[in-house]
Amino acid sequence: MASTAPSPSVLVIGSGISGLACARALHDGGATVRVVDRGRVVGGRLATKRVDDRPVDIGARYFTVPEAAAETVPAAAPDPAPEPAAAPAPQPDPTQQTVPDFRPVVDDWIARGLVRPWTDTFESFSADGTSERKQGPLRYAATAGLRSLATDLADRLREDGVVVEQETVVAGVPESGEVAGIRYDTVVLAMPDPQAARMLEPGSPASSELLGADAWQPTLSVVLSWPERHWPADFHGAFVNGSPVLAFVADDGDRRGDGAPVLVAHTTAEFAREHLEHPESAAGAVADAVTGLLGITVPPTSTLVHRWTFSNPAEQHPEPFLLRGRIAVCGDAWGARSAVSTAWSSGTALGRALARTF
């Protein structure tokens, strides 16, 4: 006789790529999933703004595809604390997880025209202003902006009956997993550690293992637009070393493939900290730094500044996710390095591991 037991229920808080990837793995594993986020749109740091009626990436700069490791089924390890009778089943051990393969997802996006290979070559500027061209991994961009990839993941979840809600605020998450009067088998916090910590009970097993705010770096993303290009046609982007203002500059027209005369600058963490209260005040200094770096003699006709208080972690967790009782955390801080692929892999690994225990 078929089982009539209800499927396990999971609440995923955060509709960035990690939360959406986790929801997909959970749904495919038979769980009932609900995704909520306080933001107006999905994507998190896969953020895109429309400037002069075209998309501009103001969050993640690009993404790469790491080589995949062979997937293994983890052994179950018991939760460290004694469990009451109603507690969840034994927990998967994060240290036994391998990195899920991001390549099939990216290949599907490429096949459907959502993603394009961008470049494997960036300029690298030294503190004295000299530069050299450096080759690295192939970087990918999204033709409609990186947020469109999160939108695609969310739309496919909705097509499969998964609830994905925006502008939904969750004030806090107790260890019991009860949120807004509903008790979930697991609550997943797919967000930067400091934001997750604010939602958890102080001193809870999960909160004690999260990185503090001082372990996360801020940045300002500044969009600079011109009527026409004033930099070399073969310029893709640049890492900037030794600058008190700039960390990275991207040619967004080159990244998007439409040739628009738009640059996006990402500032150093130190500069961002000085302007977190009034980020718009940084526009002039960033514009001067960019034009000086690239030898542009014409000032931009417009600028747009976006503040990222928790842009990327300065430290990484060695495990791919955190799972303590009914509380789980995933994101780009959980893995070898902060990256879009790490965020996707963390959420996917968590979702698959949970599905195996249900």
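Any read-out appearing in this document is the output of simple, stated calculations on the displayed coordinates, not a laboratory observation. Keep in mind that what you see is a predicted model, and the values were worked out from it rather than measured. Heads up, the Cβs are rebuilt from the backbone with ideal geometry, glycines too, and the neighbour counts pull from every protein chain shown.
Below, the figures for the structure above:
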item	result
Charged-residue dipole, Cβ positions (Lys, Arg, Asp, Glu), segment 216-312 about Cα centre, Debye nearest 20	120
Under the Karplus curve 6.51 cos²θ - 1.76 cosθ + 1.60, θ = phi - 60°, whole-Hz ³J(HN,Hα) for segment 217-232, x wherever Gly or Pro sits	10, x, 7, 10, 9, 10, 8, 10, 10, 10, x, 8, 6, 10, 9, x
Correct choice for volume of the Cα convex hull per residue in Å³ that was computed from the model, options [x] 131; [y] 189; [z] 146	[z]
Chain lengthening between Q135 and E167 when straightened (0.36 nm per residue, less Cα-Cα)	7.4 nm
Segment 310-337 and segment 255-305: distance between their alpha carbon centers, rounded to Å	30
Value of [θ]222 nm, deg cm²/dmol, for the chain, DSSP H segments ≥ 4, -39500 (n - 2.57) each, nearest 500	-7000 deg cm²/dmol
Compactness index (Cα Rg / 2.2 N^0.38 Å), segment 126-216	1.61
Debye, to nearest 20: dipole size of segment 1-56, +1 on Lys, Arg Cβ, -1 on Asp, Glu Cβ	220
Only Lys, Arg (+1) and Asp, Glu (-1) charged, at Cβ; the chain dipole about Cα centre in debye	500
Gain upon complete extension [D93, E159; 0.36 nm per residue less C-alpha separation]	20.6 nm
Cβ-Cβ FRET estimate between A144 and A314, R0 fixed at 51 Å, reported to 0.05	0.95
Diffusion coefficient, µm² s⁻¹, Stokes-Einstein with Kirkwood Rh over alpha-carbon pairs of segment 312-358 at 37 °C and 0.692 mPa s	308
Within the chain, percent of DSSP bridges classed antiparallel, to nearest 5	65
Where the Cα pairs of segment 200-281 fall when distances are cut into 10 Å bins, in %	16, 34, 26, 15, 7, 2
Rg/Rg_globular for segment 245-302, with Rg_globular taken as 2.2 N^0.38 Å and Rg from C-alpha atoms	1.17
